[in-house]
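The values are calculated or read from the model by the stated rules, or taken from the named source; none is laboratory data. Predicted model only: the values in this text are computed from it and were never measured. Neighbour counts are summed over all protein chains in view; Cβ atoms, including those assigned to glycine, are modelled from backbone coordinates with ideal geometry.
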Amino acid sequence: MSLGELERELINRYQGGFPLQAAPFGSLAEDLGCTEDTLLGTIEQLLEAGVLSRFGPLYDAVRLGGGLTLAALSVPEDQYERITAVVNEYAEVAHNYRREHELNMWFVLATASPEAIDSTLGAIEQATGLKVYNFPKQHEFYIGLWLQLDAEGQVRTIPVPGGVTGATTPVTNGAATDTSSLPDELDRTIIGATQAGIPLTNEPYQAIADSAGCTADEVIQRLQNMLATGVIRRIGAVPNHYRLGLKANGMTVWDVSDDDAIALGEKIGQLDFVSHCYLRPRHLPVWRYNLFAMVHGHTRDEVDTKAGMIADMLGNNCKAHEVLFSSAILKKTGMRLAA
């Protein structure tokens, strides 16, 4: 799909900051210099073409009181199709990628409670007959993939404007540390109505309110509260970076001293081409790496060059590293936490 000026401006400016007011699309349309109907039609077309994965809130599973982890399997080639179907059947699996490594299937698991992580991984292990390697995040240095399109449609990654998700954060057992901010029943109803995207109507918050049995003002206030507490990272367009040209997806992994890992992770997380950066556990002797940094590019050479920049930054602090390229998207639905 060839993108025009309206599509580019929408993506560039509204991957976050979507207005919390009665007629938000009208406000966007005025800002972008088009009619509300034109804007709504444009978003629908971008969604149908797969340029946008969804349009709505990005929720933080841990701050929802749930569990979140990254896990991997080493799948024999002659069983790969069957194992993919088994793993993807679990609603808790939000993303699943084939990567070029002995551990060749990597999936993100989001559950309604931290305790459900172990039980779900155990169920997957039993169903597949394969050992599951669990890589929970122990420290979050940066998360935030914000894309910028130029006039020719070339895309690059930039830091999230305002540093919305850029602060370093220790993680305790994958659980929310502030229980006062956990969603209540109405919050979860609103989450269930919006986690796949907000209604593309003139008054989307009224449509959500009608299904939730409350007022539009209550919906807006609840969303504002969830933004303030970090339950929602941001609200807006969620671009599909593959469809926009960033087809080289490299999970770079680094073996650094545990004593220096926090300081080094903070430096890596500040690089403008790193979209995710975490400290995760090792699994010796199969897996020696403890720092993970996602790097995206148009080509593998571009990703390798960026990985080389990280290697130069780490210098002698790094004992070994690898770049695990994704060769197939096996599942990509996003978090589905609310019933």
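Filtering the stretch 301-323 to residues that are assigned to a helix (DSSP H, G or I), among the aliphatic types (A, V, I, L, M) and in contact with a strand residue (DSSP E or B) (Cβ under 9 Å, 6 or more places away or on another chain) leaves Val303, Ala307, Ile310, Ala311, Leu314.
Look through Ser53, Ser119 and report the one residue that is more than 25 Å from Ile262 (Cβ to Cβ) and under 17 Å from the mean Cα position of the chain (by Cα). Explain how you work it out, then say what you get.
Numbers: Ser119 fails: under 17 Å from the mean Cα position of the chain (by Cα).
From the options Ser53, Ser119, the qualifying one is Ser53.
Can you confirm whether the stretch 66-89 contains a residue that is charged (D, E, K, R), at pLDDT below 95 and either crowded, with 21+ Cβ neighbours inside 10 Å or not in a helix (DSSP H, G or I) (or both)? Scanning the stretch 66-89 turns up no residue that is charged (D, E, K, R), at pLDDT below 95 and either crowded, with 21+ Cβ neighbours inside 10 Å or not in a helix (DSSP H, G or I) (or both). Asn290 meets all of the listed conditions (1) crowded, with 16+ Cβ neighbours inside 10 Å; (2) within 26 Å of Phe55 (Cα to Cα) but one, namely (2). Under the condition of being surrounded by 22 or more Cβ atoms within 10 Å (Cβ to Cβ) and either of a type outside the set (A, V, I, L, M) or in contact with a Cys (Cβ under 9 Å, 6 or more places away or on another chain) (or both), the residues counted in the stretch 97-119 number 2. The set of residues in the stretch 98-113 being assigned to a loop (DSSP other than H, G, I, E, B) and over 22 Å from Tyr59 (Cβ atoms) consists of Glu100, His101, Glu102, Leu103, Asn104.
Put simply, of Ile235, Ile208 the only residue that is touching a helix residue (DSSP H, G or I) at 6+ places or on another chain (Cβ under 9 Å), part of a helix (DSSP H, G or I) and under 27 Å from Val51 (Cβ atoms) is Ile208.
For the stretch 28-53, a tally of residues being touching a residue at least 60 places away in the same chain (Cβ under 8 Å) and on the phi > 0 side of the Ramachandran plot returns 1.
So which residues in the stretch 248-284 are more than 19 Å from the chain's Cα centre (by Cα) and closer than 21 Å to Phe325 by Cα, if there are any at all? Residues satisfying the conditions are Trp254, Asp255, Val256, Pro281, Arg282, His283.
Please work out which residue is surrounded by the most Cβ atoms within 10 Å (Cβ to Cβ), limiting yourself to the stretch 293-319 and to residues that are of a type in the set (Gly, Ala, Ser) and on the phi < 0 side of the Ramachandran plot. Don't jump to the end; show me each part of the working.
Of all residues in the stretch 293-319, those of a type in the set (Gly, Ala, Ser) come to 293, 297, 307-308, 311, 315.
Then keep just the ones that are on the phi < 0 side of the Ramachandran plot; that gives 293, 297, 307-308, 311.
On the way: Ala293: 26, Gly297: 21, Ala307: 21, Gly308: 12, Ala311: 13.
Going through the qualifying residues, I end up with Ala293.
Which of the residues belonging to the stretch 114-149 are at pLDDT below 90 and part of a loop (DSSP other than H, G, I, E, B)? Within the stretch 114-149, Gly144, Leu145 qualify.
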